[in-house]
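**Q** First, the structure itself, so that you have it in front of you.
The values are calculated or read from the model by the stated rules, or taken from the named source; none is laboratory data. Remember, predicted model here, so these are calculated numbers, not experimental data. Glycine also receives a Cβ, built like all others from the backbone with ideal geometry; neighbour counts cover every protein chain displayed.
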Amino acid sequence: MGYRIAINGYGRIGRSVLRAIIERADTRNLEIAAINQPGDADSIALATRYDSNHGRFKAAVTAHRNWLEFDGQKVALYPGVSAEELPWKQLGIDLVLDCSGQPADRNLAAAHLQAGARKVLFSNPATKDVDATIIHGFNDHILQPEDQIISAGSCTTNCLVPLLDAIDSAFGILHGGSTTLHAAMNDQPVSDTITQGRAALNAMVPVDTALAAGIARLLPALAGKIECTHIRVPTTNVSAMDISLSLQKATSAEQLNSLFSTRSADQWRGIIDVNADPVSSVDFNHDSHSGIIDLRQTRVAKGHFAKIVCWFDNEWGFSNRMVDIAQRLAHAQ
C-alpha cells in the first residue's frame, strides 16, 4: 500500500494536485484514496477530464455512484462533508491535502486529525500556530517527523522567497517591494457587482495581499524591509512578479543573471528556472517551476537598484510544490 492521500476541496488547486500526482513519474508511491467535494460523481469526473488551462486529463476517468476510477485506481467521493465527519481513520489516510481555501489554522487541521488523518498540508498560508510553513526548495529541510500541521505557503511566497533569500545573501537587501500581476481568480465576478467588485474580464483590479507578512515570517532579516502589492489582471492563468530592490553591495544585471542561472542549475533545480527568450505569460502555462526569471528584463540602476521579473503558473507550479512536500512526508514515514 502506498502513502494514502485525501484531497479536501476539489477546486483549481485540488484538481491540479491530483493531475500532478497522476502525471508525474516520481509519484507512484502516492495513492489518492478520497476526494471531499460537493457535487455528484459525473460532474466531478467531467471537471477532472477537461480543464481550460491544463487541457485533457492524461488518464481515463470513470464515474460511479460515490467513487471515481483512474486507470484502475479507485478514489472514494464524499459530498462536502465537514472534516470531523470524514472517515479518514477507516481509509487509513496518511495525509490530507486541504485545498478548500478555508482559514488554515489548527482548528481545521484538528478536525482532520481527529477524524483519523495522520497529517494535514494546507494549500494556503496558515496561522502562526501551525507546526511548519514549508517553501519547498527553501526551507523544507526544517520539516520534522513529528510535524502534523503544515502549510505550503502560497504561489507568491514560493515564487518570491527563494529569490529574496539568494539576493540578500549575495548583495544584501536594504529595502524593496514587489507587485504581483496575478491571473484572475474564481472569487472575481465576470461583470460588475456591488458585493464582489469589478468585472474580472475587463479590468485590472488591485486586491489586498499578506505577502509582506509571509516574507517577514520566512525571512526574519527582511521583516519591515519589503512591501508588496497585488493586481489581478484579465488572464486565466500564469502570473508575474515585478520586484524592485535597493541593494547594499553594488552589482550589475549581468551579475544578477549569473547568480540566477547558477542557482537554477543547482540549489533551485526544478524550483526556480531562468529564461532568456522573448517570452510572454502564455509560454509558462503548465510550467511546474515555482518561478521562471525573465533574464531579458533584469535591470540595475547605479549599481544598487535592481528590477527583476519572474513568471509563475499560479496553479500548476504551486500544486507541484504541494506534491513535493507530500513526497518528502511519504519518504520520511
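**Q** Of the residues R28, R65, which is under 19 Å from R328 (Cβ atoms), surrounded by fewer than 20 Cβ atoms within 10 Å (Cβ to Cβ) and either of a type in the set (F, W, Y) or touching a residue at least 24 places away in the same chain (Cβ under 8 Å) (or both)? Step through it out loud before you land on a result.
**A** Working: R65 fails: under 19 Å from R328 (Cβ atoms).
Only one candidate passes the filter, namely R28.
**Q** Identify the residue in the range 35-53 that is under 21 Å from the mean Cα position of the chain (by Cα) and surrounded by 13 or more Cβ atoms within 10 Å (Cβ to Cβ) and, among all such residues, is farthest from Y10 (Cα to Cα).
**A** This residue is N53.
**Q** Consider P189 carefully, then state whether it is at pLDDT below 95 and outside the structural domain of V309 (by the TED database).
**A** Values: at pLDDT below 95: yes; outside the structural domain of V309 (by the TED database): no.
Judged against the criteria, P189 is not a match.
**Q** Tally the residues that are among the small types (G, A, S) and either more than 17 Å from L164 (Cβ to Cβ) or out of contact with any strand residue (DSSP E or B) (no Cβ under 9 Å at 6 or more places or on another chain) (or both), restricting the search to the range 261-316.
**A** So the first thing to find is which residues in the range 261-316 are among the small types (G, A, S), and the list is 261, 264-265, 270, 276, 280-281, 288, 290-291, 301, 303, 306.
Among the residues that remain, those that are also either more than 17 Å from L164 (Cβ to Cβ) or out of contact with any strand residue (DSSP E or B) (no Cβ under 9 Å at 6 or more places or on another chain) (or both) are: 261, 265, 270, 276, 280-281, 288, 301, 303.
Total meeting the criteria: 9.
**Q** Scanning for something part of a loop (DSSP other than H, G, I, E, B), aliphatic (A, V, I, L, M) and over 15 Å from I325 (Cα atoms), does the range 83-92 turn up at least one residue?
**A** Applying the first criterion (part of a loop (DSSP other than H, G, I, E, B)) to the range 83-92 yields 86-87, 92.
This time we only want the ones that are aliphatic (A, V, I, L, M), so: 86.
With the extra rule that they be over 15 Å from I325 (Cα atoms), the set shrinks to 86.
The answer is yes, given that some residue of the range 83-92 is part of a loop (DSSP other than H, G, I, E, B), aliphatic (A, V, I, L, M) and over 15 Å from I325 (Cα atoms).
**Q** Which is touching a residue at least 12 places away in the same chain (Cβ under 8 Å), under 17 Å from D277 (Cβ atoms) and not acidic (D, E), of I325, I293? If you could, list the steps in order and put the result at the bottom.
**A** Values: I325 fails: under 17 Å from D277 (Cβ atoms).
So the residue among I325, I293 that is touching a residue at least 12 places away in the same chain (Cβ under 8 Å), under 17 Å from D277 (Cβ atoms) and not acidic (D, E) is I293.
**Q** Going through the range 95-117 one residue at a time, which ones are modelled with pLDDT of 95 or more and either in contact with a Gly (Cβ under 9 Å, 6 or more places away or on another chain) or hydroxyl-bearing (S, T, Y) (or both)? Before you say what the answer is, go through the steps one by one.
**A** Of the range 95-117, the ones modelled with pLDDT of 95 or more are 95-100, 109-117.
Within the range 95-117, L97, D98, C99, S100, G116 meet the criteria.
**Q** Something else: Kindly list the number of the only condition in (1) farther than 18 Å from F305 by Cβ; (2) touching a residue at least 12 places away in the same chain (Cβ under 8 Å) that fails for K249.
**A** (1)
**Q** From A34, A60, grab the single residue that is outside the structural domain of N285 (by the TED database), within 28 Å of Q114 (Cβ to Cβ) and touching a Phe, Trp or Tyr at 6+ places or on another chain (Cβ under 9 Å). Give the derivation first.
**A** Details: A60 fails: within 28 Å of Q114 (Cβ to Cβ).
Exactly one of A34, A60 is outside the structural domain of N285 (by the TED database), within 28 Å of Q114 (Cβ to Cβ) and touching a Phe, Trp or Tyr at 6+ places or on another chain (Cβ under 9 Å), namely A34.
**Q** Tell me, yes or no, whether the range 20-38 has at least one residue that is more than 30 Å from D287 (Cβ to Cβ) and touching a Pro at 6+ places or on another chain (Cβ under 8 Å).
**A** Within the range 20-38, one or more residues are more than 30 Å from D287 (Cβ to Cβ) and touching a Pro at 6+ places or on another chain (Cβ under 8 Å).
This table checks each residue for (1) in contact with a helix residue (DSSP H, G or I) (Cβ under 6 Å, 6 or more places away or on another chain); (2) in contact (Cβ under 8 Å) with a residue 12 or more places away in the chain; (3) loosely packed, with under 14 Cβ neighbours inside 10 Å.
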site	(1), (2), (3)
H182	no, yes, no
V190	no, no, yes
A200	no, yes, no
P206	no, yes, yes
T209	no, yes, no
P220	no, no, yes
A223	yes, no, yes
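**Q** If I go through the range 103-134 residue by residue, how many of them are in contact (Cβ under 8 Å) with a residue 60 or more places away in the chain, out of contact with any Ser or Thr (no Cβ under 6 Å at 6 or more places or on another chain) and either farther than 24 Å from V75 by Cβ or in a loop (DSSP other than H, G, I, E, B) (or both)? Write out each step before concluding.
**A** Going through the range 103-134, the residues in contact (Cβ under 8 Å) with a residue 60 or more places away in the chain turn out to be 112, 117, 119, 121, 123, 125, 128, 133-134.
Then keep just the ones that are out of contact with any Ser or Thr (no Cβ under 6 Å at 6 or more places or on another chain); that gives 112, 117, 119, 121, 123, 128, 134.
Going one step further and asking which of them are either farther than 24 Å from V75 by Cβ or in a loop (DSSP other than H, G, I, E, B) (or both), we end up with 117, 123, 128, 134.
Residues meeting the conditions: 4.
**Q** A further question follows. For residues in the range 136-179 being touching a Phe, Trp or Tyr at 6+ places or on another chain (Cβ under 8 Å) and assigned to a loop (DSSP other than H, G, I, E, B), which is surrounded by the most Cβ atoms within 10 Å (Cβ to Cβ)?
**A** Taking the candidates together, the pick is A152.
Let's see how each residue does on (1) surrounded by fewer than 16 Cβ atoms within 10 Å (Cβ to Cβ); (2) without any contact (Cβ under 8 Å) to a residue 60 or more places away in the chain:
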residue	(1), (2)
A253	no, yes
N257	no, yes
S261	no, yes
W268	no, no
D273	no, yes
D277	yes, yes
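**Q** Being touching an Asp or Glu at 6+ places or on another chain (Cβ under 7 Å) and at negative phi is the requirement here; does I150 meet it? Even if it seems obvious, please write down each step before you answer.
**A** Numbers: touching an Asp or Glu at 6+ places or on another chain (Cβ under 7 Å): yes; at negative phi: yes.
For I150, the condition - touching an Asp or Glu at 6+ places or on another chain (Cβ under 7 Å) and at negative phi - is met.
**Q** Failed condition for A111, given (1) assigned by the TED database to the domain that holds L18; (2) buried (at least 24 other Cβ atoms within 10 Å of the Cβ); (3) hydrophobic (A, V, I, L, M, F, W, C), with all others met?
**A** Single failed check for A111: (2).
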